[in-house]
1. Determine, yes or no, whether residue B:154 is within 16 Å of residue B:121 (Cβ to Cβ) and either in contact (Cβ under 8 Å) with a residue 60 or more places away in the chain or more than 15 Å from the chain's Cα centre (by Cα) (or both).
2. Looking at (1) of a type in the set (Gly, Ala, Ser); (2) in contact (Cβ under 8 Å) with a residue 40 or more places away in the chain; (3) in a helix (DSSP H, G or I); (4) more than 10 Å from chain A (Cβ to nearest Cβ), which one does residue B:176 not meet, given that it meets all the others?
3. If I filter segment A:4-44 down to residues being polar (S, T, N, Q) and free of Cβ contacts under 8 Å to residues at least 24 places away in the same chain, which single residue comes out as surrounded by the most Cβ atoms within 10 Å (Cβ to Cβ)?
4. With the structure loaded, tell me whether residue A:220 is within 14 Å of chain B (Cβ to nearest Cβ), of a type in the set (A, V, I, L, M, F, W, C), within 30 Å of residue B:94 (Cβ to Cβ) and crowded, with 20+ Cβ neighbours inside 10 Å or whether it fails that test.
5. Considering only segment A:188-217, how many residues are more than 7 Å from chain B (Cβ to nearest Cβ) and either in a helix (DSSP H, G or I) or surrounded by fewer than 20 Cβ atoms within 10 Å (Cβ to Cβ) (or both)?
6. Can you say whether residue A:231 is surrounded by 21 or more Cβ atoms within 10 Å (Cβ to Cβ) and in contact (Cβ under 8 Å) with a residue 24 or more places away in the chain, as far as the supplied structure shows?
7. Provide a single number: the residues in segment A:82-97 that are touching a helix residue (DSSP H, G or I) at 6+ places or on another chain (Cβ under 7 Å) and either aromatic (Phe, Trp, Tyr) or at pLDDT 85 or above (or both).
8. For residues that are under 27 Å from residue B:206 (Cα atoms) and of a type in the set (Lys, Arg), tally how many sit in segment B:49-94.
Amino acid sequence: MNGEKSAWQRFLASDFFYDFKRSPVTIVSFVIVVTLILMAILADLVAPTNPFDPGSLNLMNGFTPPMEPNAFTGETFLLGTDDQGRDLLSAIIYGLRVSLFVGLTAVILAMFIGVSLGLLAGYRGGWVDAVIMRIADIQVTFPSILIAVLIFGVARGLLPPDLRDELAITVLIVAIGLSEWVPFARTVRGTTMVEKEKEYVQAARLIGLGSSQIMVRHILPNVLSPVLVIATITLALAIIAEATLSFLGVGAPPTEPSLGTLIRIGQDFLFSGEWWILLFPAVTLLALALSVNLLGDWLRDTLNPRLK
Amino acid sequence: MDEFIRIEHLNQRFDLSEPWLARMIYRRPKKFLDAVDDVSFGIERGKTYALVGESGSGKSTIARMAVGLLTPTGGRVLIDGQDLHDGSLSVAEQRRIRQRLQMVFQSPYASLNPRWRVGSILAEPLRVFRLVDGPQAEQARVHELLEQVGLSASDARRFPHEFSGGQRQRISIARALASKPDFIVCDEPTSALDVSVQAQVLNLLKQLQRDLGLTYLFITHDLAVVRVMAHRIGVLKSGKLVEEQATEKLIESPQSDYTRMLIRSAPRIHRAAS
């Protein structure tokens, strides 16, 4: 029918893009998210200085307010500097990179665990289902941040001290990933239970395909669209969880500060008048989490035909 | 009489009991439903046997046991004398038997995976049973199958949602044919289609039976369809076979009250018979 149209033209003509164009909030969120992601990826090019390079730091530059020349060195910083003379804008850009990296990989981990367990529970049913879903039920009765702290604490205890800082980011990812898998598992289980009764699954069983092949090749592609929505919303949660953990001091190490670490540092100076050290990382985190969340909400509404 | 499939004293009992804990607390006994109760019949090679009956009479349950999707709780399904549900068969033997049995499903909307292209849907049985060597042979066979059911080779690149109900049922039939089966169970293959499209699909099934010598087990509640398709008819009621006859004989002189009622309630066939 529209064979001569390119994929891009079809996308521009789709309901999906039409919905997107009609929602200014979504467009703004999308622009913010894309800008922040690009900044994080291109941090080396975008950031004025490298905040992790101790050689470029000058302690005399400490506590420079935004847009004002430093009293000693005369240098000016767009967003000011922190106590060690680190340019805040650069620190935020690099912190964004850590936050986004941890958030994204944690969501991918949570998605992998949740989708696998959900598929298994939904397809097998019986006691497999009962065991997996009861574990999920127990887990949601704890706040996920508590679970993350618990996993983080256990992992730190098990790791040799010299590896702790090196593996802190990995541990953080595992902790957040393990604490956010439940919504994925529940949704996928529900859709799987519907899909497995459909006749195309019977047809696959008829030619003698095994359960794992049916789950992965036939059912999985049909349960993924709600997963996309949950992944987006969970991304916002994971970024906030990372910031919370880092704020509590159990997350990203000071050598690799994330937005949460920057907020924790800034909070020490809030009442002594250096407001900018706290404010700018916090606003960045807020903008990122809010935009991702709004995008997720829009995606959920758009992909759910019953809400139209 | 050369029978392809013989069904002997088939039983299916479903456990409808509440969960164990609820039974213990409320002191309720276990509950069972005999969906299929001591059903026996055979189908001659190259012929069509129709099972008719109201909803819940056990037609589809028998169909699923006949192709091995469901294990009977009693009785046997013999394919060319071999017990389909015999646990002692080797994997290779089971595979060989399974390859000869296929099914066309009721809903043309649920029976094709919506995320797969038609070409992949048809190629899957070819790969699983290793019927073709290499991608070229596979593609050639897929095109051949599509043409066999009256679609065009270029349809292989399209997705199921791009087709109408009748066309999808043709794709379903092509998939069933892919593994070169001898026996196809048609589980109400036309009940979701328009009357005009129904006739086309039925004609296709008949033509394929003539060309390929297929044996059909036809599940339906539509006596008009039965009359066109079936050589023999079995009437099911609450899981029991109440009557079994050659098609014309059953419609002209039904023996049981239940069959008479079924025929009377089918408007088209009633007019034709009177």
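The values are calculated or read from the model by the stated rules, or taken from the named source; none is laboratory data. Just so you know, these numbers come straight off a predicted model, no measurement behind them. When we count neighbours, we look across all protein chains shown, and the Cβ atoms used for this are built from the backbone with ideal geometry, even at glycine.
1. yes
2. Among (1) of a type in the set (Gly, Ala, Ser); (2) in contact (Cβ under 8 Å) with a residue 40 or more places away in the chain; (3) in a helix (DSSP H, G or I); (4) more than 10 Å from chain A (Cβ to nearest Cβ), residue B:176 violates only (4).
3. We begin by selecting, within segment A:4-44, every residue polar (S, T, N, Q); these are A:6, A:9, A:14, A:23, A:26, A:29, A:35.
Adding the requirement that they be free of Cβ contacts under 8 Å to residues at least 24 places away in the same chain leaves A:6, A:9, A:14, A:35.
Working: A:6: 9, A:9: 11, A:14: 11, A:35: 13.
The qualifying residue surrounded by the most Cβ atoms within 10 Å (Cβ to Cβ) is A:35.
4. Answer is no for this residue.
5. Initially, segment A:188-217 is screened for residues more than 7 Å from chain B (Cβ to nearest Cβ), giving A:188-197, A:201, A:204, A:210-217.
Narrowing further to those that are either in a helix (DSSP H, G or I) or surrounded by fewer than 20 Cβ atoms within 10 Å (Cβ to Cβ) (or both): A:188-195, A:197, A:201, A:204, A:210-217.
Matching residues across segment A:188-217 total 19.
6. yes
7. Residues that pass the stated criteria total 8.
8. Total satisfying the criteria: 2.
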